[in-house]
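The values are calculated or read from the model by the stated rules, or taken from the named source; none is laboratory data. Being a predicted model, the structure only gives us computed values, none of them experimental. Neighbour counts run over all protein chains shown; Cβ positions are idealised from the backbone, glycine included.
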Amino acid sequence: MHVLIVHAHPEPASFNGALTGQAVATLTEAGHTVEVSDLYAMRFKAVADADDYATREDPAYLRIDREQTWAHRHDAVAPDVLAEQAKLTRADLLILQYPMWWFSMPAILKGWADRVLTRGFAYLPGHKYDTGLLAGKLAMVSVTTGTSADTYAPDGIDGALLDVLWPVHNGLLRYSGFDVLQPFATHMPGKADDEGRDEMLRRYADRLRHLESVPRLFFHPRSDYGPDERLLPDVIPASGFQHRPR
């Protein structure tokens, strides 16, 4: 299997850096091939703007979705975006490695998603979720948090971790067609001692050695939705985030 790790932490010596290093070593030892996009080291441009297109469908008014589609059809995608899309095309598994910042991902990783998972490459009208253009690939989030696992419990003050990650799991990865593996969360590595951090790395290595047994997150198939794109009346919401309005 070929794995792409998109790494988003500004400090190379961070625990996120240690997790990425552990992933490269473990996956390589298991016979996989690995590429790493270290976004901060690459100084990856995070802002989607007019400079992303060599030519424009409408030079007078910037509509990102239309220009993304135009760029793919007319070989006008920016070179740095094209390079990342080529990595994704090669990958069987995408790992997003990042710290939880304000209940989301760092801006540079959000910018990577904005510029790389584009209309025409990752999705098109009628080709999203089950039929997203990256269907057949796997994805997994590996995230570190500054607070405990208890705070990310369903009754925790920060909310259930899977709910917090819904915009990434569903709105980004599943929308593009990925099958999404259960996330790997490392809670409060900054508060752990050396022995505790070593144990966290061992747990991650064990996860990566047994990827075939990692559960996939459930997302309702398109057949569970009506023409209004709402769950059919006889379908029980089971995604963990969706629910019936009261």
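Per-structure values
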{"quantity": "Odd one out for Asp130 among (1) out of contact with any helix residue (DSSP H, G or I) (no Cβ under 8 Å at 6 or more places or on another chain); (2) in a helix (DSSP H, G or I); (3) exposed (fewer than 15 other Cβ atoms within 10 Å of the Cβ)", "calculated": "(1)"}
{"quantity": "Test result for Leu62, under 18 Å from the mean Cα position of the chain (by Cα) and either closer than 19 Å to Leu172 by Cα or part of a loop (DSSP other than H, G, I, E, B) (or both)", "calculated": "no"}
{"quantity": "Test: residue in the stretch 46-63 that is touching a strand residue (DSSP E or B) at 6+ places or on another chain (Cβ under 7 Å), exposed (fewer than 15 other Cβ atoms within 10 Å of the Cβ) and of a type outside the set (Lys, Arg)", "calculated": "no"}
{"quantity": "Residues satisfying the stated conditions in the stretch 134-157, i.e. in contact with a Ser or Thr (Cβ under 9 Å, 6 or more places away or on another chain) and either part of a strand (DSSP E or B) or buried (at least 17 other Cβ atoms within 10 Å of the Cβ) (or both)", "calculated": "Leu134, Lys137, Ala139, Ser142, Val143, Thr144, Thr145, Tyr152"}
{"quantity": "Those residues of the stretch 209-223 which are in a loop (DSSP other than H, G, I, E, B), in contact (Cβ under 8 Å) with a residue 60 or more places away in the chain and within 19 Å of the chain's Cα centre (by Cα), in sequence order", "calculated": "Val214, Phe219"}
{"quantity": "Leading residue by the ranking (nearest to the chain's Cα centre (by Cα)) among those in the stretch 30-44 that are assigned to a loop (DSSP other than H, G, I, E, B) and closer than 18 Å to Leu94 by Cα", "calculated": "Phe44"}
{"quantity": "Those residues of the stretch 172-192 which are modelled with pLDDT under 95, of a type outside the set (Lys, Arg) and outside any strand (DSSP E or B), in sequence order", "calculated": "Met188, Pro189, Gly190, Ala192"}
{"quantity": "The stretch 1-29 - residue that is part of a loop (DSSP other than H, G, I, E, B) and out of contact with any Leu (no Cβ under 7 Å at 6 or more places or on another chain) and, of those, nearest to Ala139 (Cα to Cα)", "calculated": "His9"}
{"quantity": "Any hit, the stretch 79-93, residues being in contact with a Lys or Arg (Cβ under 7 Å, 6 or more places away or on another chain), farther than 18 Å from Tyr204 by Cα, without any contact (Cβ under 8 Å) to a residue 60 or more places away in the chain and not basic (Lys, Arg)", "calculated": "yes"}
{"quantity": "Total residues in the stretch 140-180, condition in contact (Cβ under 8 Å) with a residue 60 or more places away in the chain and within 24 Å of Ser213 (Cβ to Cβ)", "calculated": "10"}
{"quantity": "Any chance Ala71 is surrounded by 14 or more Cβ atoms within 10 Å (Cβ to Cβ), of a type in the set (Gly, Ala, Ser) and within 30 Å of Met188 (Cα to Cα)", "calculated": "no"}
{"quantity": "Long-range neighbours under 6 Å by Cβ, at least six apart or interchain, first residue under 17 Å from Thr186 (Cα atoms) within the stretch 1-25, second acidic (Asp, Glu) and not in a loop (DSSP other than H, G, I, E, B)", "calculated": "His7/Asp38"}
